[in-house]
Amino acid sequence: MRLSTFHLPLHQDHDLFMMQLEAVAAAGIEQVWFTEHHTPQSLINNPLMFIASLMHRLPTLSFGTAVLPVRLWDLDRLVEDLRLIEALHPGRTHIGLGARPAGSQPEADDEAKLIEAIAAVRAIVGETRVWTSTVAEAGWAFAAEQRCGVLASPPLEDETVPARCAIHRSLQGGNRDLQFARVVYVIVSERPAEVLTPSFFISAEELTALGRGQVPPATAADRLSSRLIAGTEAAVLEQFEVLAESGVSHALCCLDLPGMNGAVRQRTVETLGEIERVLDRRGRDENGEGVPRWLPQRHAPH
């Protein structure tokens, strides 16, 4: 499972946001994802333009969109912009596409326009860097038919999670290239409930449970339904391992949680970089060099 960061720079100071991205790159994380939002304060009402402005400054990172609503884009313009980015910085974009903006009503030609956009984007970036967003079971079949990765944002209804895990595994059996990316909210702290404040992202009930010391979900199905990964470095690693068991190939880690200060965010970013390296080298590092001091002994290479 790959770890990336997922950003919602809606009301942030641009210089501060750039410092956050530089910290992500310094931690060894190789991929960042952005949403598309249309507000006067948003830095990302045009994610492709925003990504293009970052590529020279952050040469070790690749960039993803989660997602571009096709209804808001002129397809010819999208193709021209993306072709230029790919010519200047080949292989550094992952393009997530959705039929329409969140909260809008469906229209009869949504699917046809999305299929057309997927084909046009795939012709530029290749087979493995096109994604589509879905929260419906029919979306899994659509993604498999279109040979797209699946972008899923929390929350997912608890009662659908076991079925969703089964659907994902069955689709992977027939299409081994199908990728599944899951958005999760991450904080590394001994007392996360004291750091965070209730918000759209984390409810007061979830914070109360954290404050009582209730353990994170232990099964793959429960882990997939939860939107929060929290605790010490070792606890966070355990939760990512369970998430990987559910079939997730990419974890998109959102760090923009109300209440997180700079020190906590920096610790979280550095931990994600360490976990990425742990997951990458597990089973291949025979001498145990470079294993983080917080890594439980059973995780150490042997």
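Label sites at residue 204 and residue 279, each approximated as a point 7 angstrom past Cα along Cα to Cβ, lie 3.4 nm apart.
Label separation (residue 194 vs residue 14): 3.9 nm, computed from points 7 Å beyond Cα along the C-beta direction. Amide hydrogen proximity for residue 33: with H placed 1.01 Å from N in the peptide plane, the residues at 5 or more positions away or on another chain lying under 5 Å are 5, 6, 7, 64. Compared with the alpha-carbon gap, the fully stretched path from residue 26 to residue 112 is longer by 26.8 nm at 0.36 nm per residue.
Using the Karplus relation 6.51 cos²θ - 1.76 cosθ + 1.60 with θ = phi - 60°, the per-residue 3J(HN,Hα) values for region 257-263 come to 9, x, x, 6, 8, x, 5 Hz, with x marking Gly and Pro.
Here, P(r) means the percent of Cα pairs in each 10 Å bin from 0 to the largest distance; for region 1-109 it is 13, 46, 32, 8, 1.
Readers should treat all values here as calculations from the given coordinates under stated rules, not as data from a laboratory. Just so it is clear, the structure is predicted and the values come from calculations on it, not from any experiment. We place every Cβ from the backbone using ideal geometry, glycine too, and count neighbours over all the protein chains shown.
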